[in-house]
Amino acid sequence: MIGLTSLRCRTLIFLFTLFCLILGATAFVFVPRKIENSVAQAMATVEPVIEVTVEGLVPMLVGGELANVYDQLDLIRERLPIIQEIVLTDDLGRSLYPLFEPAEMPSGKRIEIQTYQIGGKNARLGTIQLALDLNVIADPIIQEATNQLLLIFGVMLFVTFITYFLAERELLTPIQRLTSMMDATALGIDDSEVARPKMHSYELETLADSFERARWELRASAEQLKTARDEAEKANKAKTDFLANMSHELRTPLSGVLGITEVLVSENHDPRTKELLSSVHGAGERLLHHLNQILDLTRIETGEMRYFGESFSVSGLVHEITGLFKQTAKAKGIYLKHDSTVDVETVTTDKEKLAQVLTNLVNNAIKFTETGGVTISTALESRDGRTGLIVSVTDTGIGISDDHLETIFEKFNQGDSSTTRRYGGSGLGLTICQSLVTFLDGEISAKSGAQGGTTMSVWLPVKLQAKPTKTRKDRAAPTQLEEAFKQLKILVVDDEPINRLHAEKLLEKHGLTDVTLVEDGHQAVRRATADKYDVILMDCHMPNLDGLEATELIRKQEQTLRNTPAYIIGFTANIMPGVKENCLDVGMNDMMTKPLSIKKLHAALTRFSDHQNVKAS
């Protein structure tokens with residue numbers, strides 16, 4: 001179909017059609033019309049002669065001069081070749097001419113029979129019939145037309161060839177080359193590989209000039225776009241590097257502050273001091289929360305999120321989240337409970353992102369609820385043929401008006417300014433929730449009223465497990481694990497004194513006293529080479545020799561000296577994508593994000609215990 005629509009094909013079709021029209025008009029219109037006109041002219045000449053001849057036969061027949069009649073009829077046949085046959089009969093029907101044998105009137109194409117009565121009305125002498133052969137007129141015309149058609153055919157064939165040749169040379173080929181030139185420009189082919197076609201007319205030359213200008217404009221635009229893309233990629237990389245650095249630079253001291261205040265709160269028994277320390281810790285937690293939101297939003301907007309599917313217990317996840325906010329809800333005098341009407345045990349999806357969404361929703365629900373409480377409900381619900389998990393967070397708080405309900409998922413939107421002044425917040429939490437749910441191919445919705453109460457519902461497609469997977473509850477009790485950990489020899493590597501102090505205090509709280517503290521990667525390599533450590537907590541971002549390079553050197557020394565490899569845990573304030581993969585690629589066994597907490601440390605040391613058990617088996 002593409003060939004039939006091309007200009008070259010249309011030109012050939014046009015010329016062929018024109019050729020057929022000319023030949024058809026000549027053969028079927030002009031030739032028949034010429035024959036008809038010639039016959040009419042011949043008849044206009046012949047009929048008067050015949051009429052005069054018939055009138056002249058009357059006196060001859062009356063006088064009995066048959067010889068003169070025969071001579072007259074022979075003469076008219078010689079003078080008019082169109083007359084093929086003449087038959088003369090008397091009034092009794094007897095044949096008078098031809099003389100010796102009766103004649104039959106011919107028949108056929110273009111044979112016309114004309115009959116004349118001889119004599120008057122009262123004295124009928126006889127009848128004469130003439131067979132007029134019109135082919136005598138038509139055949140020369142047809143022969144002439146045939147010759148003319150052959151001539152026209154030859155001329156038209158020549159003209160068609162010349163026309164197509166000129167169209168090909170002057171129009172089709174230049175247009176095709178112009179098209180190739182533009183295609184080459186669009187594909188970024190070098191100018192030297194595509195030359196501008198030579199034009200033979202003013203119009204095509206003007207068209208080529210326009211193409212040439214457009215070509216250079218496209219090339220200029222392409223160069224500008226390439227430059228802009230390169231600059232955007234550089235700016236994006238710079239932004240990513242900046243965020244990674246700021247993530248580390250801001251979260252590192254903040255992690256130290258949170259860690260130390262947590263230790264002081266747990267060790268201090270003076271109520272007033274404990275209250276002040278709790279306020280400092282709470283302010284730090286809020287600051288860290290806002291910082292994490294900004295970093296999360298950046299990851300979402302730059303498309304750096306990744307899916308990590310895992311099987312987990314839904315009730316276990318909800319239990320973890322309620323545990324995080326149990327004290328906060330209790331302090332406000334409101335309840336926080338889990339209501340599961342359907343048996344939802346183990347599902348497979350991205351647990352970390354779902355936990356982040358639910359954490360944001362529960363945090364908002366508690367923040368905007370003064371009386372009553374917050375209920376988390378879970379159930380299974382199929383949509384569009386897909387099995388899904390629906391989690392709803394319902395509160396009895398201030399509610400959301402219909403006007404603001406439509407915009408709550410927009411950035412920095414918190415209903416109205418009075419809400420921001422009273423409850424605080426960055427207005428990014430629900431935006432992040434919606435982005436995470438959309439990334440997981442789910443749906444999030446809000447239902448509320450200005451009188452109070454809000455329900456936030458999240459639906460995610462999940463895979464159901466036939467049997468619940470083994471959870472931490474199946475393991476030994478934490479006190480038994482802590483007893484086993486007391487024998488571990490641990491090396492802590494961190495360039496921040498406050499973080500080293502925090503790690504030391506936290507390890508001591510777990511009963512781990514054989515702890516060595518160093519402040520950079522060089523010291524870590526020397527210590528790990530000179531002594532044997534069970535676990536190394538390695539800060540990833542340090543001056544001179546960072547944790548990644550130090551880990552590589554330690555692994556090389558272990559291979560050279562054939563030492564038992566230490567269990568190296570990456571320890572970083574950088575939460576940007578790819579950090580964990582980088583840690584594992586250089587030989588680390590695990591990774592934790594700052595700030596260090598009892599829960600994170602307990603989980604990491606438990607994974608170390610699993611690692612040792614696997615090696616032993």
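The values are calculated or read from the model by the stated rules, or taken from the named source; none is laboratory data. As the structure is a computational prediction, the values presented were derived from the model and not from experiment. Heads up, the Cβs are rebuilt from the backbone with ideal geometry, glycines too, and the neighbour counts pull from every protein chain shown. Accessible surface areas use protein heavy atoms only, side chains included; no ligands, DNA or RNA. Shrake-Rupley method; radii C 1.70, N 1.55, O 1.52, S 1.80 Å.
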Contour minus Cα-Cα distance for Thr513 and Asp585 (0.36 nm per residue): 22.9 nm
Let's test the formula: R0 of 45 Å, r as the Cβ-Cβ distance of Lys599 and Ala232. What FRET efficiency results, to the nearest 0.05? 0.65
What ³J(HN,Hα) values, in whole Hz, does the Karplus curve 6.51 cos²θ - 1.76 cosθ + 1.60 give for segment 524-537 when θ = phi - 60°, with x put for Gly and Pro? 5, 5, 4, 5, 5, 7, 7, 9, 9, 10, 6, 9, 10, 8
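I need the peptides 452-460, 275-283 ranked by packing, meaning the mean over residues of other C-beta atoms within 10 angstrom, with the highest value on top.
Output ranking for 452-460, 275-283: 452-460, 275-283.
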Subtracting the Cα-Cα distance from 0.36 nm times the residue separation, let me have the gained length for Leu464 to Gln224 in nm, one decimal. 81.3 nm
Kindly rank 18-30, 530-542, 256-268 from highest to lowest mean number of other beta carbons found within 10 Å of each residue. 530-542, 256-268, 18-30
To the nearest 20 Debye, how big is the dipole of segment 306-406 about its Cα centre, given +1 on the beta carbon of each Lys and Arg and -1 on that of each Asp and Glu? 380 debye
For segment 42-134 the trypsin sites (Lys or Arg not before Pro) that pass both the DSSP coil test and the at-most-11 other-Cβ-within-10 Å test are Arg94, Lys109, Lys121
Accessible-area composition of segment 71-171, carbon plus sulfur, in percent [1.4 Å probe]: 59 percent
For segment 27-86, what is the charge dipole size about the Cα centre, in debye to the nearest 20, if Lys and Arg each add +1 at the Cβ and Asp and Glu each add -1 at the Cβ? 380 debye
Heavy atoms of Asp91 accessible to a 1.4 Å probe, total area in Å² rounded to 10: 80 Å²
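If you take the alpha carbon radius of gyration of segment 40-86 and divide it by 2.2 N^0.38 Å, what ratio comes out, to two decimals?
1.20
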Enumerate the calculated ³J(HN,Hα) couplings along segment 143-148 in order (Karplus 6.51 cos²θ - 1.76 cosθ + 1.60, θ = phi - 60°), each rounded to whole Hz, writing x wherever the residue is Gly or Pro. 4, 5, 5, 4, 4, 5
Extension length gain for Glu36 and Leu172 (0.36 nm per residue less Cα distance), in nm, is 44.5 nm
On average, how much accessible surface per residue is there in segment 27-96, in Å², for a 1.4 Å probe, leaving out ligands, DNA and RNA? 60 Å²
Accessible surface of Lys239 - all protein chains present, 1.4 Å probe, nearest 10 Å²: 80 Å²
With no solvent and one point per C-alpha, what does the Debye sum give as log10 I(q)/I(0) for segment 305-389 at q = 0.17 Å⁻¹? -0.75
Find, among the trypsin sites (Lys or Arg not before Pro) in segment 356-412, those assigned to loop by DSSP (not H, G, I, E, B) with at most 15 other beta-carbon atoms within 10 angstrom. Lys411
Accessible area, probe 1.4 Å, largest first, for residues His269, His510: His269, His510
Extending each Cα 7 Å along its Cβ direction at Glu47 and Arg77, get the distance between those two points in nm, one decimal. 2.5 nm
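Kindly state, to the nearest 0.05, the FRET efficiency for Glu217 paired with Glu144, given R0 = 56 Å and r defined as their beta-carbon distance.
With a Förster radius of 56 Å, E is 0.35.
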